[in-house]
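What follows draws every value from the coordinates through simple rules; no lab data is involved. Owing to the predicted nature of the structure, the values given are computational and were not obtained by experimental measurement. Counting neighbours? That spans all protein chains shown, and the Cβs are built from the backbone with ideal geometry, glycine included.
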Amino acid sequence: MSTDKTTILIVEDEPAISELVSFTLRSAGWSTFSVGTTAEAWEYLQRRSPQLILLDWMLPDQSGLRFLSRIRSDRNFNEIPVIMLTAKSMEEDKIAGLDHGADDYVTKPFSPRELTARIKAMLRRKSPEHAQSSLMIANVYLDPVSCSVKVDDIKIEIGHAEYKLLKFFMAHPERVFSRSQLLDKVWGDHVVIEERTVDVHVLRLRKVLRNAEGLIKTIRSVGYMLSEK
Ligand code: CA
């Protein structure tokens, strides 16, 4: 399903490199969106939430490093993994990038294989809900391989949306998410749904969880969280 696809934002002003990177990532199964300036990247971030950003160092309107600082100081975007693409191989530049909040860097010229491997490793580390490992919290067990959920060792019937919501909550326990964050992260941002829809799915989720329903907490005027406390 396209809404489940991981999207990577490519910020790179050299068309040849941008095309090569985009082709490489699409071949690996990801969706991509390419822009050539930080202004376009910023504009994109207002509308969509990519799972990862590939950011060139030298860009026409602002350096990648400045843009990185801007992302990292904004609470809406500060958790998006960023990999810097850089022609610079000087050690101090790499350190500067990491100091400004880059999660990793790839030095040009890079092989498509290396880039793909780095991105995979980053997504595994940063977006556990994209990983295929089983999750267990209290008496709830979720197996992403068979898309099944057990409560007290008994398999339960669960709808697709409730399953995705539960998987997201279990991958990020003890953290509060607003309705709009849940819409972005669970349903994907290409879908137009009202925030009230989240409430409906949370209600349904609690219902199917039976005696484990108390795990899903309502945080008044903020949103929801999964908590054992
Ligand atoms: Ca450049």
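What translational D, rounded to a whole number of µm²/s, comes out for region 161-229 from Stokes-Einstein when the hydrodynamic radius is the Kirkwood one over Cα pairs, at 4 °C and 1.567 mPa s?
The estimated diffusion coefficient comes to 109 µm²/s.
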**Study point:** DSSP bridge pairs, the chain: antiparallel proportion in percent, nearest 5
**Key:** 50 percent
**Study point:** J(HN,Hα) series, region 156-170, from Karplus relation 6.51 cos²θ - 1.76 cosθ + 1.60, nearest Hz, glycine and proline x
**Key:** 10, 7, 9, x, 4, 5, 5, 4, 5, 5, 4, 4, 5, 4, 5
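Just in region 44-149: which trypsin sites (Lys or Arg not before Pro) are loop by DSSP and have at most 14 other Cβ atoms within 10 Å?
Sparse-neighbourhood loop trypsin sites (Lys or Arg not before Pro): Arg48, Arg75.
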Practice item. Counting only C-alpha contacts under 8 Å and six or more residues apart, can you give the relative contact order of the chain as a whole percent? Key: 14 percent
Study note, to complete from the structure: Asserting the computed 222 nm helical MRE of the chain (DSSP H runs at least 4 long, -39500 (n - 2.57) per run, divided by residue count, to nearest 500) equals -11500 deg cm²/dmol
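Any idea what diffusion coefficient region 7-126 gets from Stokes-Einstein, in µm²/s, Kirkwood Rh on alpha carbon pairs, 4 °C, 1.567 mPa s? Please report the intermediate quantities before stating the final value.
Working: Rh = 14.1 Å.
In µm²/s, the coefficient rounds to 92.
Please give the direction-averaged projected area of the C-alpha convex hull for the chain, in square nanometres with one decimal.
Numbers: hull surface 53.0 nm².
Across all orientations, the chain yields a mean hull projection of 13.3 nm².
Restricting everything to alpha-carbon atoms, can you work out Rg to Rh for region 106-229 with a Kirkwood hydrodynamic radius?
Values: Rg = 16.4 Å, Rh = 15.7 Å.
The Rg/Rh ratio comes out at 1.04.
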Review point. So what are the ³J(HN,Hα) numbers for region 47-57, from phi and the Karplus equation (6.51, -1.76, 1.60; θ = phi - 60°), rounded to whole Hz, Gly and Pro as x?
Key: 9, 10, 10, x, 7, 7, 10, 9, 10, 6, 7
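Output the relative contact order of region 74-121, whole-number percent, from Cα pairs under 8 angstrom with separation of 6+ residues.
On the way: 35 pairs, mean separation 18.6, N = 48.
Relative contact order for region 74-121 comes out at 39 percent.
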